Each structure stands twice: as structure tokens, then as C-alpha cells.
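The values are calculated or read from the model by the stated rules, or taken from the named source; none is laboratory data. It should be emphasised that the depicted structure is a prediction, and the values quoted were computed from it without experimental measurement. A quick note on method: Cβ atoms are made from the backbone with ideal geometry, for glycine too, and the neighbour counts reach across all protein chains shown. With ligands, DNA and RNA removed, areas are computed over all heavy atoms of the protein, side chains included. Shrake-Rupley method; radii C 1.70, N 1.55, O 1.52, S 1.80 Å.
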Amino acid sequence: MLSIIYGDVENSIYNTSVYFKNTYEPEWIEDNLAKEMIKDVDESEVLGGECIDSPVLGQIPPERLSGGVKTLLLMLNEPERIFNASTCGDNCAKWILEIGKQKDITINLRHMMGFGKDTKFEIEVKNSGEMVHSMEELIPIANKYLNEMKQE
């Protein structure tokens, strides 16, 4: 299940690009779900664990993937850690939900991520322990914690 904590979180990994560079394993890139995410978000093809074919950059190492894809790969492969998902755009939201269906993950958000107006999901907002099932339910709760964060 997916859990979200809004605002500052102790032990959250904020600089996901640096963390990814120092921890990823080539086999992460060769996973089928990873290939799908890379294709969808970065419009790139995985050629192997150390090489991705980008239509913009040509052949690149995994360290050159977008910040969003790197954060998704970290969530998928290190679900016990809390990652700053604000490095992800809304184009990553469906993948965060998918990872949350497969594994228990907790992410940190410092912005309002759009999970889809008509998308149904199950997310626990850890700040309050509330369960939400749609953006309509999530927005007022997230807004409360994001506004508190701005006032600090």
C-alpha cells in the first residue's frame, strides 16, 4: 500500500539523484516494470542494465535518467526507505500508485501531486492516519498539511 507524509520527514532521502547514483544496481534497470516506467516517463528504451537509448540524448547511462524515473526506481527497489517524491512530476503518479499496489511504500511529498481526477486508489496519509480513495478526498487533507508547511 502507498502511504504519504506531507512536509519534512526525518530520515527521508531528499537528494534522490545523488542517492541513486551511489546505490542503483544494473539489474534494477532490466526489471520489466522499470522498463515500462522508463519508456513511459522518459520515452527511452532500455538496452541493458548500463545503457538506455534516449531519443533526445542518445545512449545514456542510468544516472542520466530523469529525476522522476530515478526516484521511481528507488521506490521500487528500496521500499523500506522514504523518498522525496516531489522530485517526480505528475507523469510519475500512476507509477507510484502501481508500486504501492505491489509493495508497501511510504513517500514524502512537499507539493500536491495529481493522481488523476477519476482514478480510484487507496492511500494512507501518515500525517493523520486517514485513508483516502480519490483526489476529491486527498486534496483537502493534503492542502492542510502543505499549508502548515508554508507557515513554518
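Observations on the model:
- Once the 1.4 Å probe is applied to the protein heavy atoms, segment 1-121 comes out at 49 Å² accessible per residue.
- Label-to-label distance, ASN22 versus ASP104, with points set 7 angstrom from Cα along the beta-carbon direction: 2.8 nm.
- Mean separation of Cα contacts under 8 Å (6+ apart) over length of segment 112-152, as relative contact order %: 36
- DSSP-defined antiparallel bridges as percent of all bridges, the chain, nearest 5: 45
- Extending 7 Å from the Cα toward the beta-carbon at both LEU146 and GLU45 defines two label points whose distance is 3.8 nm.
- Relative contact order of segment 30-94, defined on C-alpha pairs under 8 angstrom at six or more residues apart (%): 23
- For segment 12-127, the spread of Cα positions along the three principal axes, ordered from largest to smallest, is 40, 30, 23 Å.
- Normalising the average separation of contacting C-alpha pairs (under 8 angstrom, six or more residues apart) by the number of residues puts the relative contact order of the chain at 31 percent.
- Sequence-distant residues sharing a close amide H with GLN59 (under 5 Å, placed H): SER54
- Cysteines having no other Cys beta carbon under 4.7 Å from their own, within the chain: CYS51
- Working from label points 7 Å from Cα in the Cα-to-Cβ sense, the MET112 to SER134 distance is 1.7 nm.
- When peptides 131-140, 28-37 are ranked by their average number of other Cβ atoms within 10 Å per residue, the highest-first order is 28-37, 131-140.
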